[in-house]
Amino acid sequence: MAVRQDTIWERFLSPVARLLIDEDSLRRYSESVDWEKESDRFRRADVVIPAYYSNQNFHGIQGGYLNSGAAVTYDPITQYVLPPNETVVRQALVDAIKVQPRRILDLGCGTGSTTLMLKQAFPEAEVIGLDLSPYMLVRAQHKAQSAGLEVNWRHGDAEQTKFKSDSFDLVTASLLFHETPTDVSQAILRESFRLLVAGGQVLILDGNQKTLRQLEWLNDIFEEPYIREYATGSVDASMGTAGFAAVQTQDVWWINQVTSGIKPILTEDLHTQRTVRHYTPIPIDNNLQGLPSPAFDTMP
Ligand SMILES: C[S@@+](CC[C@H](N)C(=O)[O-])C[C@H]1O[C@@H](n2cnc3c(N)ncnc32)[C@H](O)[C@@H]1O
């Protein structure tokens, strides 16, 4: 994996991460996979990679997510950048679910850590993880296999997923919005609105915008091209602009936040054939404590 030499990541964090990560097992895993053959199984010819994605490096890694190196190193690194603990942070999204979903779409699913927790929480639901990188989907599929969970992994762009309107009860995205320009995040929220049934829920887990605004130096550390833009924005306001109601953001420790919105049920929805879900708050057993987290499966 080509890594820029001048980044804060490379100068300070990468040497520390290297001490904590078992590079030999990563190398063994990486060499055991025929990445081009396996990623071809997911690659769809009709997916156009947007310029904001292919022109940028993320975390100082050249080529962003369109290579196997990103797929192999993503989880080992991510576990150290989500205080107090990766599972606790992801669990905050699962805990914020107020619907009993039958069909769930996780946008920008990456290696599927949140997607798999969603499937664990709602085993009866059809769960789809969508990502622009077929390499990340290969890794996600391996994790699903080791966890014995059935998830559909789909190559696609969250801005235009090509799924039918009104066809999901829950749409989620974790750690996606700080990696997209504001107009792209807005387009993803518009698309989420289109995809949800009336009464359906959207949940966005990402960096805490208040904290990122106050601690400018954090933005340098994370080496993300769009994180400053993300920090100055408001997911809350963007959800409102996209048409969501009951929008609420809650802090997840001091460095992350989860924002929830509901697609409102309009009177006309009740008189048409459109699918509507009436959600009366019901106790949902989202507590996965004690279950092994799919985020941390070991590599072969
Ligand atoms: C920081 S990773 C987050 C992955 C995962 N959701 C998680 O919580 O670990 C961002 C992911 O979003 C994907 N991505 C970025 N823009 C996208 C888009 N427009 N459509 C689909 N996936 C996108 C990237 O390929 C990458 O896998």
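The values are calculated or read from the model by the stated rules, or taken from the named source; none is laboratory data. Because the structure is a prediction, the values reported are computed rather than measured. In this analysis, Cβ positions are derived from the backbone assuming ideal geometry, glycine residues included, and neighbour counts consider all displayed protein chains.
So how many residues does the range 146-183 have that are among the small types (Gly, Ala, Ser) and part of a strand (DSSP E or B)? Total satisfying the criteria: 2.
Screening the candidates Arg139, Arg154 for the property of being within 11 Å of the ligand (Cβ to nearest atom) and closer than 27 Å to Trp253 by Cβ yields one hit, Arg139. Kindly check whether there is at least one residue in the range 110-128 that is assigned to a strand (DSSP E or B), within 12 Å of the ligand (Cβ to nearest atom) and in contact (Cβ under 8 Å) with a residue 60 or more places away in the chain. No, there is no match, as no residue in the range 110-128 is assigned to a strand (DSSP E or B), within 12 Å of the ligand (Cβ to nearest atom) and in contact (Cβ under 8 Å) with a residue 60 or more places away in the chain. Restricting to the range 98-127, name every residue that is within 15 Å of Val258 (Cα to Cα) and either over 15 Å from the mean Cα position of the chain (by Cα) or small (Gly, Ala, Ser) (or both). If the condition is that a residue be within 15 Å of Val258 (Cα to Cα) and either over 15 Å from the mean Cα position of the chain (by Cα) or small (Gly, Ala, Ser) (or both), then Lys98 is the only one that fits.
Given the structure, is Ile227 modelled with pLDDT under 95, touching a helix residue (DSSP H, G or I) at 6+ places or on another chain (Cβ under 6 Å), closer than 20 Å to Thr182 by Cβ and not polar (S, T, N, Q)? So Ile227 fits the description; yes.
Based on this model, can you work out whether Gln79 counts as more than 11 Å from the ligand (Cβ to nearest atom) and touching a residue at least 60 places away in the same chain (Cβ under 8 Å)?
Numbers: more than 11 Å from the ligand (Cβ to nearest atom): no; touching a residue at least 60 places away in the same chain (Cβ under 8 Å): yes.
So Gln79 does not fit the description; no.
Out of the residues in the range 128-149 meeting the condition of being in contact with a helix residue (DSSP H, G or I) (Cβ under 7 Å, 6 or more places away or on another chain) and over 18 Å from Leu175 (Cα atoms), tell me which one is surrounded by the fewest Cβ atoms within 10 Å (Cβ to Cβ). Checked the range 128-149; the qualifying residue surrounded by the fewest Cβ atoms within 10 Å (Cβ to Cβ) is Leu149. Applying the condition of being within 15 Å of the ligand (Cβ to nearest atom) and among the charged types (D, E, K, R) to the range 163-187 and asking which residue is nearest to Thr87 (Cα to Cα) yields Glu179.
Annotation: His178 fulfils all but one of (1) in contact (Cβ under 8 Å) with a residue 60 or more places away in the chain; (2) touching a Phe, Trp or Tyr at 6+ places or on another chain (Cβ under 8 Å); the unmet one is (1). Would you confirm, using the coordinates I've provided, whether Thr259 is in a strand (DSSP E or B) and at pLDDT 95 or above? Answer is yes for this residue. Taking the conditions (1) within 15 Å of the ligand (Cβ to nearest atom); (2) within 19 Å of Thr115 (Cβ to Cβ); (3) surrounded by fewer than 17 Cβ atoms within 10 Å (Cβ to Cβ) in turn, Gln160 satisfies each one other than (2).
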